[in-house]
Amino acid sequence: MDDTSLVNECLKGNSRAQKALFDKFAPKMLSVCLRYMKNTEKAEDALQDGFIKVFVNLLNYKNSGVLEGWIRRIIVNTCLDELKKNKKLLLNISVEEVEYKLESNDFVQEQMMADDLMKLIQDMPAGYRVIFNMFAIEGYAHQEIATQLGISESTSKSQYLRARAYLKQRIEKR
């Protein structure tokens, strides 16, 4: 069943279509949640909350874009809301609190498995992790990040640089 038919059936209250929509997108969206949340349990909670929002707001989906992108945006916003609600988004960590170094030849070891990288991202301080995910993985501009998180654009940029350096340092230690 294509996405348009799936959405239409969900809007009619077809529980099989709702399950099919969840089954189709949940694995990808769980990986999105895992990048933002500290552990699997919190990621699964965010995923569930996000899909509740997806189904509640499905009437607002206009078929003008890719359904997966629309769902991803809701999931990311749900994760951000959860982090804000729990006050775990620490955006003003001082430079002295995190050892890091910046070099121009950043690289990632070829043998590093995706799970190892995911673990390193999850271990980042919350502020670093959120901005790193939004900029490097989700493709938000620093101005968009600043607006979404209620911070300055320069804070977003500096947190991203710190996150990169933090990640690079952890990779080099391996």
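What follows draws every value from the coordinates through simple rules; no lab data is involved. The shown structure was predicted, so the numbers you read here are calculated from the model rather than taken from an experiment. So basically every Cβ, Gly included, is an ideal-geometry build from the backbone, and we count neighbours across all protein chains shown.
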Q: Give, as a single signed number, the net charge of other residues whose beta carbon lies under 13 Å from the beta carbon of D2, with Lys and Arg counted +1 and Asp and Glu -1.
A: -2
Q) Under a straight-distance cross-link criterion of Cα-Cα below 24 Å, which lysines are reachable from K62, leaving out those fewer than 8 residues away in the same chain? A) K12, K19, K24, K28, K53
Q) Got a sec to turn the phi values of segment 55-62 into Karplus ³J(HN,Hα) couplings, 6.51 cos²θ - 1.76 cosθ + 1.60 with θ = phi - 60°, whole Hz, x for Gly and Pro? A) 5, 5, 9, 4, 4, 7, 6, 9
(Q) Between segment 117-174 and segment 6-31, what is the separation of their alpha carbon centroids in Å? (A) 31 Å
Q | Net charge of neighbours whose Cβ lies under 15 Å from the Cβ of Q143, counting Lys and Arg as +1 and Asp and Glu as -1 | A | -2
Q) Can you list residues whose amide H is under 5 Å from I151's amide H, if they're 5+ apart or on another chain and H is modeled 1.01 Å from N? A) none
Q.
Binning at 5 angstrom from zero up to the longest distance, how are the C-alpha pair distances of segment 31-84 distributed in percent?
A. 4, 22, 32, 21, 13, 6, 2
Q: Can you check what the net charge comes to around N60, using other residues whose Cβ is under 14 Å from the Cβ of N60 (Lys, Arg +1; Asp, Glu -1)?
A: +3
